[in-house]
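Scroll down for the structure; my scribbles are underneath it.
The values are calculated or read from the model by the stated rules, or taken from the named source; none is laboratory data. The shown structure was predicted, so the numbers you read here are calculated from the model rather than taken from an experiment. Don't worry about glycine lacking a Cβ; one is built from the backbone with ideal geometry, like all the others, and counts go over all protein chains shown.
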Amino acid sequence: MSLSNEEIERYGRQMILPNIGRPGQLAIKQASVLVVGTGGLGAPVAMYLACAGIGTLGLVDHDTVAVSNIHRQVIHTEDSVGIAKTTSARQALERANSHVRYVEHNLLLDASNALDTLRPYDIIVDCTDNVPTRYLLNDACVMLGKPLVSGSALRFDGQLTVYHYHGGPCYRCLFPTPPPPETVTNCDDGGVLGPVTGMLGSLQALEVLKMVALGESAFAGRMLLADGLAGAFRTVKLRGRQKTCAVCGDEPTIKELVDYVQFCGARPDDKTKPVKMIPANERITVRELHARLNAVPTATAAAASATPAENSTTATASNSTAPTNGTSTTPNGAASSSTAAPTADRTPSPVVLLDVRAPVQFGIAHLPNSINVPWRDLPSRLDEVRALARDGTDLVVLCRRGNDSQRAVANLRKEGIECVDVIGGLEAWSADVDPEFPRY
């Protein structure tokens, strides 16, 4: 294999590095790398590897581009919305470097297809956002004898390490069992700032190029911890390969891929799954809530006056069900013009809306007259909630998707506070009642 004059001109600035040179660039051209996930991490990984001249670049993703991706998944554009992410990424990469061979794998990796998908590639890059896929990739890489460059990013923070490389540990050496699903936060729930994923993805690409051209990595057996908010970076040494590891140990017990959804108790994607934690008679639909709000005056203003002023956030008093973005109320015909009647065969009680999202989410958008008490703060603010749920009022608890509100209702009912949850939360409100209500 040789380099054309065009390639030498294209890659000249990296070829003049003493560590790279012509041999390093030839190694890069001969290499094949699989990027699993073409999102916030995968976008910079794929772009930098393509522009560096990786010979074959595989792209794995099963999702389509959404407008909420674009702030951090910079390989995609507004024109890509609705298109398969692998296709959108390939098109962008081809515009950047047509010399590279791109392979789309528009699929959800699982035990049935992972080994065949990973086998043709030299290095695997984990750019995913869920625990089941991390275990899947780790086990598959160990079984195939391939290194795994792993990155993660959440909020302002990120991590980077290289598993199963030069005798270093694999993922299972450090985490033999998965964490409880309820303790895992992803970008969809916890948020992430775009440059954080860009930073970590760029570092992943750097490690791949070093492994290909130099045969080394700074993060085999070590982990980089990045704090973007503090501007702090530190590297910690990881414990070595465990002889008793179930997959890479001296006597492995896992010799074939397993059902990782069952093993982890979570789905292999970054979508938040609806849960059912309370009985149906403790829940109402958004349409039922809408009918109640339009049938009776809300009791929030009166209820709020009975609660401590501190620690409570009350929206502008109004009988309208239009969204409030924290500074103003926007009228909305779809919400205010409904003639739906209350479902109960009695004089409806005033409704108190208890929004249990975090204050930062409440500040993005909320229903008028709702009171914000984050669900994690409920144990220390029960007296406030009891005052809201006084006789003659209906306490309705809602959140973003109807998951945290169920936890809140379950806990409040244990304390003797009558209340109901709104199925699907504010996302269902936006979908079924008021399409103008912001989604985020």
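State whether one or more residues within region 93-110 are in contact (Cβ under 8 Å) with a residue 24 or more places away in the chain, outside any loop (DSSP other than H, G, I, E, B) and polar (S, T, N, Q). Spell out the reasoning first.
Initially, region 93-110 is screened for residues in contact (Cβ under 8 Å) with a residue 24 or more places away in the chain, giving 93, 96-97, 99-110.
If we keep only those that are outside any loop (DSSP other than H, G, I, E, B) as well, we get 93, 96, 101-105.
So of that shortlist, the ones also polar (S, T, N, Q) come out as none.
No, there is no match, as no residue in region 93-110 is in contact (Cβ under 8 Å) with a residue 24 or more places away in the chain, outside any loop (DSSP other than H, G, I, E, B) and polar (S, T, N, Q).
Which residue out of T183, T177 is surrounded by fewer than 16 Cβ atoms within 10 Å (Cβ to Cβ) and within 26 Å of G249 (Cα to Cα)? Even if it seems obvious, please write down each step before you answer.
Values: T183 fails: within 26 Å of G249 (Cα to Cα).
Matching residue, one of T183, T177: T177.
For region 143-162, what are the residues that are aliphatic (A, V, I, L, M) and either crowded, with 24+ Cβ neighbours inside 10 Å or not in a helix (DSSP H, G or I) (or both)?
L148, V149, A153, L154, L160, V162
To keep it simple, each residue is scored yes or no on (1) within 17 Å of R134 (Cβ to Cβ); (2) within 25 Å of the chain's Cα centre (by Cα).
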| site | (1), (2) |
| --- | --- |
| P195 | no, yes |
| V212 | no, no |
| G231 | no, yes |
| E251 | no, no |
| L257 | yes, yes |
| R267 | yes, yes |
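Could you tell me which of the residues G53, G24, G58 is in contact with a Phe, Trp or Tyr (Cβ under 9 Å, 6 or more places away or on another chain) and closer than 17 Å to L214 by Cβ?
On the way: G24 fails: in contact with a Phe, Trp or Tyr (Cβ under 9 Å, 6 or more places away or on another chain); G58 fails: closer than 17 Å to L214 by Cβ.
When all the criteria are applied, what remains is G53.
So, in region 388-440, how many residues would count as being surrounded by 24 or more Cβ atoms within 10 Å (Cβ to Cβ) and among the hydroxyl-bearing types (S, T, Y)?
Count: 1.
Only one residue in V247, V275, V208 is outside any helix (DSSP H, G or I) and at pLDDT 95 or above. Which one?
Answer to the check: V247.
Which of the residues spanning region 220-238 are closer than 23 Å to V192 by Cα and in contact with a Ser or Thr (Cβ under 9 Å, 6 or more places away or on another chain)?
M223, L224, L225 - these are the residues of region 220-238 that are closer than 23 Å to V192 by Cα and in contact with a Ser or Thr (Cβ under 9 Å, 6 or more places away or on another chain).
Given the conditions (1) part of a helix (DSSP H, G or I); (2) closer than 25 Å to R119 by Cα; (3) assigned by TED's automatic domain parsing to the domain that holds R101, and given that G24 satisfies all but one, which numbered condition is not satisfied?
Against the list (1) part of a helix (DSSP H, G or I); (2) closer than 25 Å to R119 by Cα; (3) assigned by TED's automatic domain parsing to the domain that holds R101, G24 comes up short only on (3).
Which numbered condition trips up N138, out of (1) crowded, with 20+ Cβ neighbours inside 10 Å; (2) touching a residue at least 60 places away in the same chain (Cβ under 8 Å); (3) not in a helix (DSSP H, G or I)?
Unmet for N138, out of (1) crowded, with 20+ Cβ neighbours inside 10 Å; (2) touching a residue at least 60 places away in the same chain (Cβ under 8 Å); (3) not in a helix (DSSP H, G or I): (3).
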